[in-house]
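Trainee: After the structure tokens below, expect a handful of questions from me.
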Amino acid sequence: MCELYAGMDLRTGRDRVALDGEWVFSYDPEDRGIRERWFERGDLPDTTIVPGCAQAQEHSSARMSVADYAALRAKANALDMKWPVVAPAWYRRSFKVPADWNSREVWLHLGAIMPAAELWLNGVSLGNSRSSRTPIRCNLTSVIRPGAENILALRFAWPEGPALEGCFDFCTPFSGPYRHAWVEAVAPAHVRELWIRTVGIDPPAIVAETIFAQAPASAARLTLEVRDAAGAVRWTAERTATPDADGVCRVSLALLGAALWSPTSPVLYTAHVILRDGGRELDRADARFGIREVRSSGDRIMLNGTPIYLRGGCDDHNYPETVCPPASREYYARRLRALKACGFNYTKSCHEVFTEEFLEAADELGVMVCQEMPFGLTQRRWTPEKCGRELDPAEADFLRREFAAIIRSRRNHPSIVIGATIGEISFDWMTESVHGFFGRELPLLWRALHPGVLVMDLSGTGGEWRGFTGRGPRVTDIIEECPGDSTRQEPLAHPLEPLANLDRPGIYHEYDWIASLPEPELKARYAGLPTLPSGIITLERAAKEAGQDEQLPLFVANSRKLKRFLQKEALEGARRNPRITGYHFWLVHAFSWCQEGALNEFWDLPEDIKVEEFYSWNSDVMILLDDNNRRTFQSGSSAPLGLQVSNFGSHPVSVPALAWQMLAKGKAVAEGRIVLPAIPCGALSASRPISLRFPAAEVPAQYEICVVLLENEKEISRNRWTCWTVPALKHGPWEEKIATDLPFVANAFPGIRPFKSGTAPSVPVVAANCITPALLDWVEQGGRLVAFSGALREYRPGQEYRPGQVHPADWTNSFSNLYRSSAWAMGPMGNMGTVMADHPALGGMPHDGWCQAPFVPLIHGTYPIVLEWFRPERIEPIIRSIGHQSTLVDKAYLFEVGVGRGAVLATSLRFNADEIWNHNPQTAYLLGALLAYAAGDDFHPGQTVPRKVFEQAITR
């Protein structure tokens, strides 16, 4: 049996025979292959392509029906995979190597395999490997037949016992050789590893560390050449090739005049090491690298001595075109160009590692990377129950070995600035041995193997914003946690927690989960792909069942509007916290079933918003609005608004000025200029007030505040915000037409008469939150009712939302009373946006067809009213709450309907919440508009339902 070991990708001039292309293939659901010696004979009925994975196409050998695949999707958590087969899989091919290779060693190089593989060559077992995230190398010299046909066979299967577990296993479980494969001829003494380590940036200096497969002869020499992007040799050094005592051959070299690598200037060089014995060249290998220094200083991350803000998005390795990660640098370059266009400079591999091709693209384009190890995502091993056990020594040995191999294989990439050991595991779950391994040993090992990165022990642990635990100091350079309960965060409720105890850089973990509805226009893109638009299929099915097919395009568009509003508000909120030095969204991209992130699942540039607009609130230098968590003001009032600048650019803003305008329908109605003190790098400037008074008006108005940051009259950054004004509350004779038993109505409008439940109303209109049979009799005879929260069935946990269907009461469905959308589209319930009609009941409140910022305090914390109970009648509401993609429940915050000769105006908006009245003038204005409308001549609903139907919707 030959030795298999984890290697690294090197650019070399070695003679190679590529093994990419077509292989014969078969699934082995009965696991007969080894017994029947498929590794050397027998017809395998299918073919497949390397690099790639078995699940990228349908194979007859799977012997599965459509129903079988559907059942597998649910079982394997592979919602988007067409063919999620997890049976053992066989790959086999024949190849020849030149006859003259018989004088050299012949090595097999597999770029990467998933999830584990056993190998045979010419019927001889080469061993097996569970190293699924690093290249695998094997010396074939003793079994290869130069000049003749050779048969290589690989059997892939999910192993029992210790294994890596990341996104590749959890979201899209695939199998196969997913990176390039080849055999090559080498001298016994050849380069096995090459690490170009930056040891200084002022002046720039490196050490090239070379490890040979076998020690060279004593007379051998090693030459180091460093070339620039044009290929010119800029610096050279040479030494004997005899390794040092630790087996490493080191060459030190000062690179005077070399440029540093950064996101704005990703300069790369190539190191060439040449091994010679006398005049004969034995081997040469290249490694591309960048010179940079990353370190922490207090609560800041310093890149090349300058504070930097990590603006990131989590990458959950969703590949609709291929299932597995494509072995294509250009594929990732396209994705990363879109990421940078939106202002992101950083990405995190969620419980997974990026491939060599991805990292090459990140190096070239200047995208900083956090590598998080693939430990425990499938939750088979590190659930609270499993963490409560002691660590198994065999598992620890395996994880330690894989951990080190992953780090060593990727150390040349300057884009990797953070190394994360494990994610989303709470300290409270751990025994001492588990904590000691993940929380101490592995972070220390990372520092030892790659001192050029910042290390995180655990990320997303559940709120541990401290550098110590009950077990002592943490071994971590950065603390990454969620900001409170991000699933329920109310917009315009900043600042977030001050984090006074934070003693090192802090990053928001999976910041501000924000989902919108799936995008049906992408469905055609899935034609011919190995993945399914599962979210779109679910959405379209729900729309058809709910009778909302025609409205679906509007729902999707408005859901996106909500997502963009929430994203802007979240990004600006993070920059307003001076203790935070970065964030990463979950996600930067979408899944079909979960439209999180800035980009869709194909990483297209957004079409619903200009890229420049997104960039303006996600850039190095950002202008921030200090709005006191308000966007709606009294007409004619002074605006309590200020402006701030967050500067994480490459240099201080020495002579800053903020030029602002307030626009009404595109025309300036006010403008001004604020001169600021110099803003250092990494600083948040103090808030400076805008001297602004809103115009007096008798009707609501909408304004846009546009601000440009100038330095010596050159534009540095820009941003804009929408604000609204409402006129002062007006009373009128319509109040005498209304009676109420609700204190919040009576207090706001003293002219409204009192009403005692159970008595016959003596006025045309009653405002109440309880509908009695007597009150309904009165409505049927011609009365007008304004019904508030509590009067009609609401969309809340534990309640029926359709006959026989109950809103689940578990945590994953607890988001139905939020303004924001359901976090990561979890559960079948929740709200995904709003639709607002032009209607006189809204008193002329400006809107863009959905509930914008003025409605945040009126919606966040309330439950919509379920319209399903009016079926078979269809109610078209004034303000609709868009349903979750799985159910599209028909529901509303405001609607009107006729009952008999009378009429009902029903709302669940939070007019009864005392805490929103003082600083939200729109509350009183909109309540007055509703009541005045109900008492006016225009209150004649276009839809009427029988009393019996209406009674179905009344709260029991």
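Trainee: Which numbered condition in (1) buried (at least 17 other Cβ atoms within 10 Å of the Cβ); (2) part of a strand (DSSP E or B) is the only one that PRO216 fails?
Mentor: If we test PRO216 against (1) buried (at least 17 other Cβ atoms within 10 Å of the Cβ); (2) part of a strand (DSSP E or B), just (2) comes out false.
Trainee: Out of (1) in a loop (DSSP other than H, G, I, E, B); (2) within 30 Å of LEU599 (Cβ to Cβ); (3) hydrophobic (A, V, I, L, M, F, W, C), what's the single condition that is false for ILE301?
Mentor: Evaluating ILE301 over (1) in a loop (DSSP other than H, G, I, E, B); (2) within 30 Å of LEU599 (Cβ to Cβ); (3) hydrophobic (A, V, I, L, M, F, W, C) leaves (1) as the failure.
Trainee: Restricting to region 151-203, and then to whatever is over 33 Å from the mean Cα position of the chain (by Cα), of a type in the set (Gly, Ala, Ser) and in a loop (DSSP other than H, G, I, E, B), can you tell me which residue is nearest to ALA420 (Cα to Cα)?
Mentor: Ranking the qualifying residues of region 151-203, first place goes to ALA189.
Trainee: Further question on the same structure: Among GLU238, GLU209, which is over 38 Å from the mean Cα position of the chain (by Cα), acidic (Asp, Glu) and part of a strand (DSSP E or B)? Write out each step before concluding.
Mentor: Details: GLU209 fails: over 38 Å from the mean Cα position of the chain (by Cα).
Answer to the check: GLU238.
Trainee: Return yes when GLU402 is farther than 19 Å from SER132 by Cβ, in a helix (DSSP H, G or I) and at pLDDT 90 or above and no when it is not.
Mentor: Details: farther than 19 Å from SER132 by Cβ: no; in a helix (DSSP H, G or I): yes; at pLDDT 90 or above: yes.
No: the conditions fail for GLU402.
Trainee: Is at least one residue of region 868-876 more than 30 Å from THR487 (Cα to Cα) and over 41 Å from the mean Cα position of the chain (by Cα)? Steps first, please.
Mentor: From region 868-876, those more than 30 Å from THR487 (Cα to Cα) are 870-875; that's our starting set.
Cutting the leftovers down to over 41 Å from the mean Cα position of the chain (by Cα) gives us none.
Checking region 868-876: not a single residue is more than 30 Å from THR487 (Cα to Cα) and over 41 Å from the mean Cα position of the chain (by Cα).
Trainee: Out of curiosity, is GLY582 outside the structural domain of GLN55 (by TED's automatic domain parsing), at positive phi and either buried (at least 21 other Cβ atoms within 10 Å of the Cβ) or touching a residue at least 40 places away in the same chain (Cβ under 8 Å) (or both)?
Mentor: yes
Trainee: Hey, another quick one. For a quick check of your reading of the model, give me the residue pairs whose first member lies in region 519-536 and is more than 19 Å from ASN77 (Cβ to Cβ) and among the hydrophobic types (A, V, I, L, M, F, W, C), whose second is at pLDDT below 95 and not in a helix (DSSP H, G or I), with beta-carbon atoms closer than 9 Å and at least 6 apart or on different chains.
Mentor: Short answer, once both residue conditions are applied: LEU522/SER592.
Trainee: Of the numbered conditions (1) within 30 Å of CYS342 (Cβ to Cβ); (2) outside the structural domain of ASP503 (by TED's automatic domain parsing); (3) assigned to a strand (DSSP E or B), HIS272 fails exactly one; give the number of that condition.
Mentor: With (1) within 30 Å of CYS342 (Cβ to Cβ); (2) outside the structural domain of ASP503 (by TED's automatic domain parsing); (3) assigned to a strand (DSSP E or B) applied to HIS272, the lone miss is (1).
Listed here are the residues, each with its yes/no results for (1) buried (at least 24 other Cβ atoms within 10 Å of the Cβ); (2) assigned to a helix (DSSP H, G or I).
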position: SER821; (1), (2): yes, no
position: PRO846; (1), (2): no, no
position: LEU858; (1), (2): yes, yes
position: ALA906; (1), (2): yes, no
position: GLN922; (1), (2): yes, yes
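Trainee: Now for a different question. Give me the pairs: first residue in region 754-776 and of a type in the set (Ser, Thr, Tyr), second residue surrounded by 14 or more Cβ atoms within 10 Å (Cβ to Cβ) and not in a loop (DSSP other than H, G, I, E, B), beta-carbon distance under 8 Å, and six or more apart or on different chains, which are they?
Mentor: Between residues of region 754-776 that are of a type in the set (Ser, Thr, Tyr) and residues that are surrounded by 14 or more Cβ atoms within 10 Å (Cβ to Cβ) and not in a loop (DSSP other than H, G, I, E, B), the close pairs are SER757/ALA768; SER757/LEU775; SER762/ALA739; SER762/ARG753.
Trainee: Let me ask another. For region 808-847, give me each residue that is charged (D, E, K, R) and within 23 Å of LEU931 (Cα to Cα).
Mentor: Selection gives ASP838 alone.
Trainee: Restricting to region 871-886, name every residue that is crowded, with 21+ Cβ neighbours inside 10 Å and outside any strand (DSSP E or B).
Mentor: Residues of region 871-886 that are crowded, with 21+ Cβ neighbours inside 10 Å, as a first pass: 875, 877-885.
Scanning region 871-886 gives ILE875, PRO877, ILE878, HIS884, GLN885.
Trainee: When you go through ASP457, ASP512, ASP428, ASP477 one by one, which is the residue that is surrounded by fewer than 18 Cβ atoms within 10 Å (Cβ to Cβ), acidic (Asp, Glu) and not assigned by TED's automatic domain parsing to the domain that holds SER822? Can you show your working first?
Mentor: Details: ASP457 fails: surrounded by fewer than 18 Cβ atoms within 10 Å (Cβ to Cβ); ASP512 fails: surrounded by fewer than 18 Cβ atoms within 10 Å (Cβ to Cβ); ASP477 fails: surrounded by fewer than 18 Cβ atoms within 10 Å (Cβ to Cβ).
Checking each option against the conditions leaves just ASP428.
Residues are listed down the side, and each one gets a yes or a no for (1) at pLDDT 95 or above; (2) under 25 Å from VAL207 (Cα atoms); (3) touching a helix residue (DSSP H, G or I) at 6+ places or on another chain (Cβ under 9 Å); (4) of a type in the set (A, V, I, L, M, F, W, C):
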position: ASP286; (1), (2), (3), (4): yes, yes, no, no
position: ILE291; (1), (2), (3), (4): yes, yes, no, yes
position: LEU310; (1), (2), (3), (4): yes, no, no, yes
position: ASP315; (1), (2), (3), (4): yes, no, yes, no
position: PRO320; (1), (2), (3), (4): yes, no, yes, no
position: ALA333; (1), (2), (3), (4): yes, no, yes, yes
position: ALA341; (1), (2), (3), (4): yes, no, yes, yes
position: LYS348; (1), (2), (3), (4): yes, no, no, no
position: ARG389; (1), (2), (3), (4): no, no, yes, no
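To keep it simple, each residue is scored yes or no on (1) outside the structural domain of ALA78 (by TED's automatic domain parsing); (2) under 30 Å from PRO320 (Cα atoms); (3) assigned to a strand (DSSP E or B).
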position	(1), (2), (3)
GLU22	no, yes, yes
ASP31	no, yes, no
PHE39	no, no, no
GLY42	no, no, no
THR47	no, yes, yes
GLN55	no, yes, no
GLU58	no, yes, no
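Trainee: Follow-up. Looking at region 540-547, is at least one residue touching a His at 6+ places or on another chain (Cβ under 9 Å) and not assigned by TED's automatic domain parsing to the domain that holds THR347? If you could, list the steps in order and put the result at the bottom.
Mentor: Pass one, region 540-547, residues touching a His at 6+ places or on another chain (Cβ under 9 Å): 542.
Add one more test, that the residue is not assigned by TED's automatic domain parsing to the domain that holds THR347, and what stays is 542.
The answer is yes, given that some residue of region 540-547 is touching a His at 6+ places or on another chain (Cβ under 9 Å) and not assigned by TED's automatic domain parsing to the domain that holds THR347.
Trainee: Take region 653-670 and flag every residue that is buried (at least 16 other Cβ atoms within 10 Å of the Cβ) and not small (Gly, Ala, Ser).
Mentor: Scanning region 653-670 gives VAL653, PRO656, LEU658, TRP660, GLN661, MET662, LEU663.
Trainee: If we only count strands (runs of 3 or more DSSP E) wholly inside region 561-675, which ones have 1 or more residues that are among the polar types (S, T, N, Q) and under 26 Å from MET845 (Cβ atoms)? Please lay out each step first, then the result.
Mentor: Numbers: elements: 580-585, 621-626, 632-634, 642-647, 656-664, 667-675.
Counting at least 1 such residues, we get 632-634, 656-664.
Trainee: Follow-up. Only residues that are crowded, with 19+ Cβ neighbours inside 10 Å, of a type outside the set (Val, Ile, Thr) and not in a strand (DSSP E or B): list them for region 278-292, please.
Mentor: GLY290, ARG292
The values are calculated or read from the model by the stated rules, or taken from the named source; none is laboratory data. If you're wondering where the values come from, they're calculated on a predicted model, not measured in any experiment. All Cβ positions, even for glycine, are placed from backbone atoms using ideal geometry, and neighbour counts span all protein chains on display.
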